[in-house]
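Q: Just passing along the structure, written as structure tokens.
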Amino acid sequence: MKIFRVILIFTMALFLAGCWDSKEVGDLAIVTGMGIDAGAEKDEIKLVLQVGDMSKGQKDSQGETEPIILDSTGVNIQAAIESLKIQSTRSLYFSHNQVILIGEEQARRGIACFLDWFVRNENTRMEVPLIVAKQDAKAVLQTKTTQNNISAFAVKSMLDNDVAPSFYSKINLLSFLSTHINKTTCPIAPIVVSKIDSDKNTILEIEGTAIFKEGKMIGELGIHQTEGLMWILGQSPKRNIIVKNDDGNAALAIVSSQSSISSDYIDGEFINEVNIKATFRISELAGFKDKHSDNIIPFINDLLKDDMYTKIGSAIQSSKNYKSDIFGFGSALYKKSPEKFEQIVENFDEIYSKSPYRINLEVEVLDTGKINGILTDHQNKG
Amino acid sequence: MLFKALNRHIKKIISSKEIKAENEWEKQNSCPIYSELIGVLDEDLNKIRGIVGTSLDIKVTTFNFGENSELNGAVIFVDGLVNQELIAQSILQPLKLFKGNEIYMPSKPCDVVEAVRNCVICSADVVYEESPAKLINAFMSGDTVFLIDGFKRGLIISTRGWDKRGVTEPQSESVIRGPRECFTENFRTNTALLRRRIKSSLIIEHMVIGRKSQTSVALAYVDGVVNPEILNELKSQLEDISIDALIDSSYIQSYIDHNPFSLFATVNYTEKPDVASARILEGRIAIITDGSPFVLTVPMLFIESFQTAEDYYVRPSYATALRILRFISFMIAIFAPAIYISLTTFHQELIPTKLLFTLAEAKEGTPFTAFIESFIMVFAFEILREAGLRLPRPVGQAISIVGALVMGEAAVSAGIVGAPVVITVAITAVAGFVVPSQTDVVTILRIISMVFSAFLGGYGFTLVFFAILIDLASLTSFGVPYFEGLIPARNVQDSYIRMPIWTMKTRPKSLSGVDDIRRGKTKNN
Amino acid sequence: MLKQSRTISKMQMLFSIACFIQASMLLTSFFTPVGGSSSWLAVISSYLVFAVFTIPLIMLIKNFPDKNLFQINAIVFGKVGGKIVSAIYLIFFWTLSSLNTKDIGVFLQQTVMTKTPTYVTIFFLMFLCAWATRKGLSVVTRYASFFFGVSMIIMIFSFIFSYNLMDFSYFLPILDIEPIRFIQTTNVSLNIPLGEIIFFLMIHPEVRDINKNSGKVVYIGSFMGMLNILLVVIHDTAILGEAGKLFTIPTFETLRMISIGDVLSRVEILFAIMLMLLLFFKISFMVYVTTISIAEILEIKDYRRIAFITAALVYISSYIQFNDSYIHAEFGITVAPLIWTFIEFFLPFLTLMIFIVKQKYKKGSEQTA
Amino acid sequence: MIFYASVIFLLIILVEIVPFFKEKNKKDGIKASIVLLFAMIPAYLFFSNIKVYSPMYLMYELFMWLGWHYPALG
């Protein structure tokens, strides 16, 4: 029995001859960001890869690695990669990709056909966010923000500092994909732009959200509408809401916010409903001279409600104008009662764009933080 | 198959030689003419000198004694093995001084040897003996032989007393809390140390192994607790050890080991009497060999190498933490380099991005692949360890520290090896020392798992993990399953976690014989 | 002819049943696309159906505590008939073990070792399984409780870690699929994880005093295994929702999604290890059972001698079973449920009925004689 | 690939089948070699890429032809 084991171990060595899958860390080109821009011809795309370059120890002052930008054109992503492979000595490694950027022009042309490569390739991960770049992806990937050179990290950390369950933390390839597959819902993606700010260094900013329908970008939501969108799809507890009127302004920190959507279809009427429960804490008060400590909180409550109404209303209205249900009202009806959903699924877009909506809010300001009432109030008493 | 045939062949050759050796020895020693004493003192002495040879440490002194010193006798002993004053005090002095004549009256029919033994020699352990072979064996192992002219019987008086090493601190199993005494080379002190701990019902059976060395071997076990089959099997195996000289207990270890080719040892040894007695009480058998401070305990379980004496003297929670730490470090010691290689060459996806950048930078200059790098470092570490061990203590310490520092630093700065490799190998090296009794297994398994993970990555070393599990599961030590499985169903209270003493009521089932209640109320009272 | 040496204990059998069922976690991707969002209901209903269908199996164990399945067939169907029925079982065992080996090969190829050909990865696994079989049943089943414990812990951890990604509204349109689809999912989930209890009919004589409460052992074991499968199905549907249909291995995809903070972000290695443990156990068990059944049918005295030959047989046949994976998936959903149910539940039921009828007939003839 | 396969098969024969015959129990030896043939023939056919039909595949075609099956995913 023993010699048998020895012989078989030798045959195992036979099989060990090749190590197919091993690739050294040294000769890896670690892709940190991918961008797709519109190519010259109609059906061509320009693939932009941001690669962290470790060779020659190119390091700037704080020891951050310098990114290299590689780009190539091709009919689809794999074609572009093949042409890139010939140029670069190292093998491209996609599993550490942080962000997928789509140039606005290419987004308008449509990106559904490229999703397949991202999902099918075993290296790419599904939790990577899909973002629309205002000018083109290359510009965003080339920007070097002050904190870190590799802009992909910058974009990812911008999204990440909105702690879950915020709407931004739910943006990833999987949510884009599942909303894309669903018959009625339309995917959305934040828009990032790189700007030169007052003292000449470039910064990256989120400037609204893009709406996609059948893989094509058909519209855009501004800053305020995105705020409304965030209220519906999930607000991050870390954010502050600024509320203003002519005689003063206030900043309120969100303590907790739950939002849920439901829709119903009663005798030909497709009603959408949004109910939001949120509690706040005052983090700053300025102005409101004529108010006193006791009636400041109800006053702020109403201010807050009108502000939320306007924002959420504008968000829903613009999504109806674009005839794209980005909130999932259609699938909410499907979940409640599949039969009703069957009736309206054919011309869903028309019904959705004309259907009324109701927003019921429960807003409550819990406490005023360290000092009670208004600062100026104590001054008068002196 | 093939190998079995080979084995049988070798055994045949050995046994045939043995038979030849045996009868040679018989021919030479028990020559028919000298099977029993002649009675005439001078001839006997010459015969014995002929057999034993003229080595200078064998002393023969003849003297006269008796009422008017008409009888003469001879005392034979080995200088250095005996306690000279004892001989003088208990044999020579009474014989020479005792003048009472009724003993030596030739007229009385009684045998002078018997009279001398009964009334004259004042020593507790005096025995008659006729056969010269036994007499020679006696004075060779430290007793004195007293022959009287004209009689066919001699006397063996036990006067052992050579300078033996005191009961000092154990070297291999140092411990902070708990008894610190350890076994010595002297056979009697070892049996005494054990007897002191288990006073009642400890049975010590005596055997002699080794034709030339005649080393005495003792089997210590507690009757009723020990498993009879294991005892009989062990005895039969010890009997048919036909060996020239038994220098150290490890000879016995290799003879009674059932599976010589498996990596894991199935016979355990210890240097501390409290550990030995604890194991005996759990149903094992201790084998004490003369001239070796290591006592073997049979049968061995895999868990034993993770249990140290200190576990039972320290608080249970801390002991459990230590136990788990030992398991984890055992795993680290085997799989850490393999994990490092498979992570950096196969599954870079699992390394967080920032760490991957630092890794890539660290490996920038180094020419070798991860496998060769870690192989060099592990190999260098083994050389260092061996050097540190073999050199005398002060120099050894210096070598290992200097070696580690210099080699690690220089290799990294020279760019032969990346920094992460040095760290992983350092961790594996230190983790390897946490379970001292398994260091040999760890070094071999570490290399095998490194090879497999170099070719097949994560999948490779899981295969090695399974191979170890299978090998462990199939091992039995004296019929007792060696490895009860990672979650032992039966006596879990003592493997991973160490429950407080009062919960461990029954002895481990796989080992113990009939009476397995060891704490709390036993069956009868 | 097999020396039944009572090697393993009832607890080990219970855990090996649980492990055995758990190991087909990978095959949930067979029936989740069919069942869609209500496949977890199908899993529960399949357990209820299983509870009813195993009664004949448990009765067989109780009536023949020291005879394995092939010896029972020999008694009930006589010499030649027994051989034929046992041959059917043997083909079933052989096919199932090769299909499972093919599954682990595909899993490895798609997740971890993309460029290594499956010949190499499966070769080593087969060598280990054959070596374990050669060492006997107690070696194969000794680690069942450990594997079960580890995989249960990993499953619960992955459930907790991915809680923030879960959206339980995906389950909402409860049972909105056609009834035939629901029956189909229940049938597939009945056969692939649960139906494989038939394998244990081959080894139950080796379990110490099995006839006492063998029913309890089978039910608890399968319940624990089923719990884990249910957890997996709920976990996948809650995270992937509609996208679940796309992936060949949904569970692996969901685990890649878990990312809590920057540290705990790449945990799918845990899942890969868990699955490796379970599948190794399952395949070595299946190779063991196939070896015994071949030894039984061909009346080879010492089954250990043909351990490596059977492993080679299973290794080669895992390539020739279905040429492309599309037919394999298609077969798994359409035809397999019928064949598997026939072999796993109907044949033992038939054996039991014939045995009872024969007993009555013998009793009747004794009274008359 | 055929080279690897034939090496493995040769080895299995050398280590498993040969001892059977050396121990003079021919019956078991023949039986073991039948099982091995069951493995070798499909192997050589498969590696010289000739299509081999497994029993389950034939059952699949039969059931599909007879129509006794659940509706496909479709």
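Q: Can you say whether C:F168 is more than 14 Å from chain A (Cβ to nearest Cβ) and either crowded, with 23+ Cβ neighbours inside 10 Å or at pLDDT below 85 (or both), as far as the supplied structure shows?
A: Against the criterion (more than 14 Å from chain A (Cβ to nearest Cβ) and either crowded, with 23+ Cβ neighbours inside 10 Å or at pLDDT below 85 (or both)), C:F168 does not qualify.
Q: C:E299 passes all but one of (1) of a type outside the set (S, T, Y); (2) free of Cβ contacts under 8 Å to residues at least 40 places away in the same chain; (3) over 20 Å from D:M40 (Cα atoms); (4) within 14 Å of chain D (Cβ to nearest Cβ); which number fails?
A: Going through the list (1) of a type outside the set (S, T, Y); (2) free of Cβ contacts under 8 Å to residues at least 40 places away in the same chain; (3) over 20 Å from D:M40 (Cα atoms); (4) within 14 Å of chain D (Cβ to nearest Cβ), C:E299 breaks only (2).
Q: Turning to a different aspect of this structure: Hydrophobic (A, V, I, L, M, F, W, C), within 14 Å of chain B (Cβ to nearest Cβ) and closer than 20 Å to A:Q142 by Cα - does that describe any residue in segment A:96-104?
A: Among the residues of segment A:96-104, at least one is hydrophobic (A, V, I, L, M, F, W, C), within 14 Å of chain B (Cβ to nearest Cβ) and closer than 20 Å to A:Q142 by Cα, which makes the answer yes.
Q: Within segment D:21-50, count every residue that is at pLDDT below 85 and at the interface with another protein chain (Cβ under 7 Å from one of its Cβ atoms).
A: Total meeting the criteria: 1.
Q: Can you tell me which residues in segment A:82-106 are in a strand (DSSP E or B) and not hydrophobic (A, V, I, L, M, F, W, C)?
A: A:S91, A:Y93, A:G103
Q: Do any strands (runs of 3 or more DSSP E) entirely within segment A:224-302 hold 1 or more residues that are modelled with pLDDT of 85 or more, surrounded by fewer than 16 Cβ atoms within 10 Å (Cβ to Cβ) and under 28 Å from the mean Cα position of the chain (by Cα), and if so, which?
A: So the answer is A:248-266, A:269-287.
For (1) within 11 Å of chain B (Cβ to nearest Cβ); (2) modelled with pLDDT under 85; (3) not in a strand (DSSP E or B), each residue gets a yes or a no:
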residue: A:R5; (1), (2), (3): yes, yes, yes
residue: A:L8; (1), (2), (3): no, yes, yes
residue: A:T11; (1), (2), (3): no, yes, yes
residue: A:L14; (1), (2), (3): no, yes, yes
residue: A:S22; (1), (2), (3): yes, yes, yes
residue: A:I36; (1), (2), (3): no, no, no
residue: A:A40; (1), (2), (3): no, yes, yes
residue: A:D43; (1), (2), (3): no, yes, yes
residue: A:L47; (1), (2), (3): no, no, no
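Q: Just one of D:I8, D:I2, D:I12 is at the interface with another protein chain (Cβ under 8 Å from one of its Cβ atoms) and in contact (Cβ under 8 Å) with a residue 24 or more places away in the chain; which is it?
A: D:I12
Q: Further, regarding this structure: Could you tell me whether any residue of segment B:258-277 is within 14 Å of chain A (Cβ to nearest Cβ) and free of Cβ contacts under 8 Å to residues at least 60 places away in the same chain?
A: So far as segment B:258-277 goes, yes, one or more of its residues are within 14 Å of chain A (Cβ to nearest Cβ) and free of Cβ contacts under 8 Å to residues at least 60 places away in the same chain.
Q: Let me confirm something: among A:E284, A:E273, which residue is among the acidic types (D, E) and either closer than 28 Å to A:I171 by Cβ or outside the structural domain of A:N360 (by TED's automatic domain parsing) (or both)?
A: Unique residue meeting the criteria: A:E273.
Q: Can you tell me which residue in segment B:460-475 is surrounded by the most Cβ atoms within 10 Å (Cβ to Cβ), limited to those that are more than 23 Å from B:S342 (Cα to Cα) and within 7 Å of chain C (Cβ to nearest Cβ)?
A: Looking at residues that are more than 23 Å from B:S342 (Cα to Cα) and within 7 Å of chain C (Cβ to nearest Cβ), I get B:A473.
Q: If you don't mind, there's one more thing I want to ask. Could you say whether any residue in segment B:419-439 is polar (S, T, N, Q), surrounded by fewer than 21 Cβ atoms within 10 Å (Cβ to Cβ), within 34 Å of the chain's Cα centre (by Cα) and in a helix (DSSP H, G or I)?
A: yes
Q: So is B:I376 aliphatic (A, V, I, L, M), surrounded by fewer than 18 Cβ atoms within 10 Å (Cβ to Cβ) and not in a helix (DSSP H, G or I) or not?
A: Against the criterion (aliphatic (A, V, I, L, M), surrounded by fewer than 18 Cβ atoms within 10 Å (Cβ to Cβ) and not in a helix (DSSP H, G or I)), B:I376 does not qualify.
Q: Can you tell me which residues in segment D:51-74 are among the hydroxyl-bearing types (S, T, Y) and either more than 7 Å from chain C (Cβ to nearest Cβ) or touching a residue at least 60 places away in the same chain (Cβ under 8 Å) (or both)?
A: Within segment D:51-74, just D:Y53 meets the criteria.
Q: Let me ask another. Name, by its number, the condition in (1) surrounded by fewer than 18 Cβ atoms within 10 Å (Cβ to Cβ); (2) without any contact (Cβ under 8 Å) to a residue 12 or more places away in the chain; (3) of a type outside the set (S, T, Y); (4) touching a Ser or Thr at 6+ places or on another chain (Cβ under 6 Å) that does not hold for C:V139.
A: Every listed condition holds for C:V139 apart from (1).
Q: In contact with a helix residue (DSSP H, G or I) (Cβ under 6 Å, 6 or more places away or on another chain), closer than 28 Å to A:N321 by Cβ and either surrounded by fewer than 21 Cβ atoms within 10 Å (Cβ to Cβ) or among the basic types (K, R) (or both), is that true of A:G215?
A: Spelling it out, A:G215 is indeed in contact with a helix residue (DSSP H, G or I) (Cβ under 6 Å, 6 or more places away or on another chain), closer than 28 Å to A:N321 by Cβ and either surrounded by fewer than 21 Cβ atoms within 10 Å (Cβ to Cβ) or among the basic types (K, R) (or both).
Q: Would you confirm whether any residue within segment C:222-239 is within 24 Å of C:Q71 (Cβ to Cβ), touching a Ser or Thr at 6+ places or on another chain (Cβ under 7 Å) and in contact (Cβ under 8 Å) with a residue 40 or more places away in the chain?
A: No, segment C:222-239 contains no residue that is within 24 Å of C:Q71 (Cβ to Cβ), touching a Ser or Thr at 6+ places or on another chain (Cβ under 7 Å) and in contact (Cβ under 8 Å) with a residue 40 or more places away in the chain.
Q: Name the pairs: first residue in segment B:356-371 and more than 7 Å from every other protein chain (Cβ to nearest Cβ), second residue not in a loop (DSSP other than H, G, I, E, B), Cβ to Cβ under 6 Å, at least 6 apart or on different chains?
A: Pairs found: B:A362/B:A419; B:A362/B:P420; B:A370/B:I341; B:A370/B:T344; B:A370/B:T345; B:F371/B:I341; B:F371/B:A454.
Q: Which helices (runs of 4 or more DSSP H) does segment B:174-287 wholly contain that include 2 or more residues that are at pLDDT below 85 and touching a Leu at 6+ places or on another chain (Cβ under 7 Å)?
A: Counting at least 2 such residues, we get B:249-256.
Q: For the structure I just gave you, tell me whether C:I294 is under 23 Å from D:I34 (Cβ atoms), at the interface with chain D (Cβ under 9 Å from one of its Cβ atoms) and either touching a strand residue (DSSP E or B) at 6+ places or on another chain (Cβ under 8 Å) or modelled with pLDDT of 90 or more (or both).
A: Considered against the rule, which asks whether it is under 23 Å from D:I34 (Cβ atoms), at the interface with chain D (Cβ under 9 Å from one of its Cβ atoms) and either touching a strand residue (DSSP E or B) at 6+ places or on another chain (Cβ under 8 Å) or modelled with pLDDT of 90 or more (or both), C:I294 comes out as yes.
Q: Wholly within segment C:57-147, which helices (runs of 4 or more DSSP H) include no fewer than the required count, namely at least 2 residues that are away from every other protein chain (no Cβ under 11 Å) and at pLDDT 90 or above?
A: C:69-111
Q: Continuing with the same structure: Here are the criteria: (1) under 30 Å from C:P179 (Cα atoms); (2) not in a loop (DSSP other than H, G, I, E, B). Tell me which single one D:K31 does not satisfy.
A: If we test D:K31 against (1) under 30 Å from C:P179 (Cα atoms); (2) not in a loop (DSSP other than H, G, I, E, B), just (1) comes out false.
Q: Further question: Any idea which residue in segment C:31-45 is farthest from D:L73 (Cα to Cα), counting only those that are among the β-branched types (V, I, T) and more than 13 Å from every other protein chain (Cβ to nearest Cβ)?
A: C:I44
Q: Restricting to segment C:222-263, what's the tally of residues that are aromatic (F, W, Y) and in contact with an Asp or Glu (Cβ under 7 Å, 6 or more places away or on another chain)?
A: Total satisfying the criteria: 2.
The values are calculated or read from the model by the stated rules, or taken from the named source; none is laboratory data. Fair warning: this is a prediction, and the values are worked out from it, not measured in the lab. Neighbour counts are summed over all protein chains in view; Cβ atoms, including those assigned to glycine, are modelled from backbone coordinates with ideal geometry.
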